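Participant: One structure, pasted below without further comment.
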Amino acid sequence: LWNIIQKMTQAIILAAGQGGRLLPYTKNIPKALIKIGKKSIIEYQIEALNSVGIKDIIIVVGYKVHKIKSVLGKKVEYVQNKNFSKTNNLYSLFCALPKINNEFIVSMGDSIFHPLIFKKLLNSKNPITTMADNNRNLDEESVKVKINTHYLKDIGRDISHKYANGEFLALTKFEGKGVK
């Protein structure tokens, strides 16, 4: 069963933006290519996805697309968001919709996840599952979540940290009815 789940799941990594808050580091490269140690952020993420059997990976690119392609080559498929400077992550996801053919995971290109987080996400049977961390110190920049029992009630930066249950990890899985 685990092998069937792994083969069905696609990963969409949203990596079109410049990462303006990270200037000057992103002046010449997309934020997904910032190195942590010897590898870029996006290389760590692809490695973690591959380690849980996800090989069907689509990267939504925009800013300095040629740089991402030169690092990743043909390991992944690319979709371009030509309006990346005027749009957001939701628009980037819409750019990838024609490529989605079943269950999929959406993540941001500037995040690193341990493979166990992907495994936990894949084991969920809910139509839509999003990951949050309730052990983080929340600040104004944090995208916070409010959870009612086990259901997401609200998500955003404007939630007071007093009422937040955790920080959104920018990692969501859609399956079955959730894909539609």
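Participant: Being within 26 Å of residue 55 (Cβ to Cβ) and in a loop (DSSP other than H, G, I, E, B) is true for just one of 102, 83, 137. Which residue is that?
Facilitator: 102
Participant: Which of the following residues is part of a loop (DSSP other than H, G, I, E, B) and either aromatic (Phe, Trp, Tyr) or surrounded by 12 or more Cβ atoms within 10 Å (Cβ to Cβ) (or both): 55, 69? Outline the logic, then answer.
Facilitator: On the way: 69 fails: part of a loop (DSSP other than H, G, I, E, B).
Answer to the check: 55.
Participant: Quickly run through the stretch 105-133 and pick out the residues that are part of a loop (DSSP other than H, G, I, E, B) and either open to solvent by 50 Å² or more (accessible area, probe 1.4 Å) or under 13 Å from residue 174 (Cβ atoms) (or both).
Facilitator: Within the stretch 105-133, 110, 112, 114, 124, 125, 126, 127 meet the criteria.
Participant: Write out, first by first residue and then by second, each pair whose Cβ atoms fall under 8 Å of each other, whose residues are 6+ apart or on separate chains, and whose first residue, in the stretch 115-127, is more than 21 Å from residue 46 (Cβ to Cβ) while the second is open to solvent by 60 Å² or more (accessible area, probe 1.4 Å).
Facilitator: 127/177
Participant: Which is among the hydrophobic types (A, V, I, L, M, F, W, C) and within 15 Å of the chain's Cα centre (by Cα), of 72, 90, 22?
Facilitator: 90
Participant: Just checking, which of 76, 71, 60 is within 15 Å of residue 46 (Cα to Cα), of a type in the set (A, V, I, L, M, F, W, C) and in contact with a Cys (Cβ under 9 Å, 6 or more places away or on another chain)?
Facilitator: Testing whether each residue is within 15 Å of residue 46 (Cα to Cα), of a type in the set (A, V, I, L, M, F, W, C) and in contact with a Cys (Cβ under 9 Å, 6 or more places away or on another chain) leaves just 60.
Participant: Could you check how many residues of the stretch 23-40 are open to solvent by 60 Å² or more (accessible area, probe 1.4 Å) and either of a type in the set (S, T, N, Q) or touching a residue at least 24 places away in the same chain (Cβ under 8 Å) (or both)?
Facilitator: 2
The values are calculated or read from the model by the stated rules, or taken from the named source; none is laboratory data. What you see is a predicted model; the values in this text were computed from it and never measured. Quick reminder, even Gly has a Cβ in these numbers, built from the backbone with ideal geometry, and neighbours come from all protein chains shown. With ligands, DNA and RNA removed, areas are computed over all heavy atoms of the protein, side chains included. Shrake-Rupley method; radii C 1.70, N 1.55, O 1.52, S 1.80 Å.
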